[in-house]
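Participant: Below are the structure tokens for one structure; questions will follow.
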Amino acid sequence: MEQLAELIGAYAVAVLVCILALFLGTAILLWHWIERYGQTLWEWIGLLWRATLDLPPLIRLRRRFPRLWAFLGRRLSPEGYLGLHLTIGLALILAALFLFADLAEEIWSGDEIAFFDQALARALREHATPTALRVFSAITWLGNVSVLAALGIAVGLLLVVLRRKFLLAGWMTALMGGGLLNVALKALFRRARPVLPSPFVTESGWSFPSGHAMGALIAYGMLAYVLVILFNGRGRRWIVLTAALLVLLIGASRMYLGVHYFSDVIAGYVAGMAWLATCIAGAEIARRHRRGRSPTAT
């Protein structure tokens, strides 16, 4: 692990470019595949769902609690009202919670990830270049609390002017709730920041999870969702990919500047994804429920 960390640190910019290129290429291919085969895939999921419901334990549960079963079935069934959003949202939330808990356990038990964190932080510090430092300092600014707060106010005012109250509620809940959640998690885990010789940047507060990574994923992810809705889906592929690339760059900048460990950034992404999935699922429920009652409402 130490040799891998040294290699990444020595060629950090090249490694990052390769990761971003791989991510972009994979995302575009996956997007094309979903557009082409998504309906077929969802039909298979529907068949699997029905087959699962026919399992004997679930049949007994359905007979014992018919009202609860009907309530959950209408909301989680891939074939039912809002089933797609709730099912995917719930799956993302559960997966993110599991990954976050597993990551936190590995760090506090002193597993390999903690040693990798230290080795990578030292390697990045030793091989940093002035040009890369200037670039990453500019990128990390986009994840500052002041920038995200200004973005939150600007988008909030726009939604007020457009009278998109459900989007506004989702937007404000995502940003404010995400900020409070990050503060709570930092206070809970109380992990110290990297200690490096002659640090490029000094930050106060706890390190785990990264507030920049978590805040950027929530803010720019929710911004992408809002823009997709406002533009009626036009350009959604590039809106989402641009937001994702920006979030990845902000997380990388925190590691390069030496203010967060690798696992801090990953934990920030995972926690942010859980909260973002919760907020988007809630916004979709409210928006589509309102649209079901009034075709012009959004």
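Participant: So SER263 ticks every box in (1) closer than 15 Å to PRO194 by Cβ; (2) of a type outside the set (A, V, I, L, M); (3) within 12 Å of the chain's Cα centre (by Cα) but one. Which box is left unticked?
Facilitator: Of the numbered conditions (1) closer than 15 Å to PRO194 by Cβ; (2) of a type outside the set (A, V, I, L, M); (3) within 12 Å of the chain's Cα centre (by Cα), the odd one out for SER263 is (3).
Participant: Let me ask something additional. Within segment 130-150, is there a residue that is open to solvent by 30 Å² or more (accessible area, probe 1.4 Å) and part of a loop (DSSP other than H, G, I, E, B)?
Facilitator: yes
Participant: Could you tell me whether GLY221 is touching a Leu at 6+ places or on another chain (Cβ under 7 Å), in a helix (DSSP H, G or I), modelled with pLDDT of 90 or more and farther than 30 Å from ALA123 by Cα?
Facilitator: yes
Participant: Does LEU196 qualify as being at pLDDT below 95, part of a helix (DSSP H, G or I) and over 17 Å from ALA96 (Cβ atoms)?
Facilitator: Considered against the rule, which asks whether it is at pLDDT below 95, part of a helix (DSSP H, G or I) and over 17 Å from ALA96 (Cβ atoms), LEU196 comes out as no.
Participant: Looking at (1) surrounded by fewer than 17 Cβ atoms within 10 Å (Cβ to Cβ); (2) among the hydrophobic types (A, V, I, L, M, F, W, C); (3) modelled with pLDDT of 90 or more; (4) touching a Pro at 6+ places or on another chain (Cβ under 9 Å), which one does VAL265 not meet, given that it meets all the others?
Facilitator: (1)
Participant: Also, I was wondering about something else. Tell me which of these ILE93 doesn't satisfy, since it passes every other one: (1) more than 30 Å from PRO197 (Cβ to Cβ); (2) at pLDDT below 75; (3) open to solvent by 30 Å² or more (accessible area, probe 1.4 Å).
Facilitator: (2)
Participant: For segment 111-149, which residues satisfy the criterion of being at pLDDT 90 or above, polar (S, T, N, Q) and under 21 Å from ILE266 (Cα atoms)?
Facilitator: Selection gives SER137, THR140, ASN144.
Participant: Specify which of the listed residues (LEU167, LEU124, LEU185, LEU157) is part of a helix (DSSP H, G or I) and open to solvent by 60 Å² or more (accessible area, probe 1.4 Å).
Facilitator: LEU157
Participant: Follow-up question, since we're still on this one. When only residues in segment 218-245 that are of a type in the set (Gly, Ala, Ser) and within 17 Å of the chain's Cα centre (by Cα) count, which is surrounded by the most Cβ atoms within 10 Å (Cβ to Cβ)?
Facilitator: Ranking the candidates gives ALA219 first.
Participant: Of THR26, THR52, THR87, THR40, which residue is modelled with pLDDT of 75 or more and hydroxyl-bearing (Ser, Thr, Tyr)?
Facilitator: After ruling out the rest, the residue left standing is THR26.
Participant: Considering each of GLY258, GLY205 in turn, give the residue that is more than 19 Å from PHE23 (Cβ to Cβ), open to solvent by 20 Å² or more (accessible area, probe 1.4 Å) and over 17 Å from the mean Cα position of the chain (by Cα).
Facilitator: Step by step, each of GLY258, GLY205 is checked, and only GLY205 is more than 19 Å from PHE23 (Cβ to Cβ), open to solvent by 20 Å² or more (accessible area, probe 1.4 Å) and over 17 Å from the mean Cα position of the chain (by Cα).
Participant: Of the residues in segment 170-182, how many are open to solvent by 50 Å² or more (accessible area, probe 1.4 Å) and of a type in the set (Phe, Trp, Tyr)?
Facilitator: Matching residues across segment 170-182 total 0.
Participant: To continue, here is another question. Among the residues of segment 143-162, count how many are in contact with a helix residue (DSSP H, G or I) (Cβ under 9 Å, 6 or more places away or on another chain), hydrophobic (A, V, I, L, M, F, W, C) and more than 15 Å from VAL259 (Cβ to Cβ).
Facilitator: The total comes to 9.
Participant: With ALA184, ALA213, ALA154, ALA244 as the choices, which residue is out of contact with any strand residue (DSSP E or B) (no Cβ under 7 Å at 6 or more places or on another chain) and farther than 30 Å from ALA121 by Cα?
Facilitator: Sole residue among the options that is out of contact with any strand residue (DSSP E or B) (no Cβ under 7 Å at 6 or more places or on another chain) and farther than 30 Å from ALA121 by Cα: ALA154.
The values are calculated or read from the model by the stated rules, or taken from the named source; none is laboratory data. Note that the structure is a prediction, hence the values are computed from the model and not measured. Every residue, glycine as well, gets a Cβ built from its backbone with ideal geometry; the counts of neighbours run over all protein chains shown. Keep in mind that these areas ignore ligands, DNA and RNA; they rest on the heavy atoms of the full protein, side chains included. Shrake-Rupley method; radii C 1.70, N 1.55, O 1.52, S 1.80 Å.
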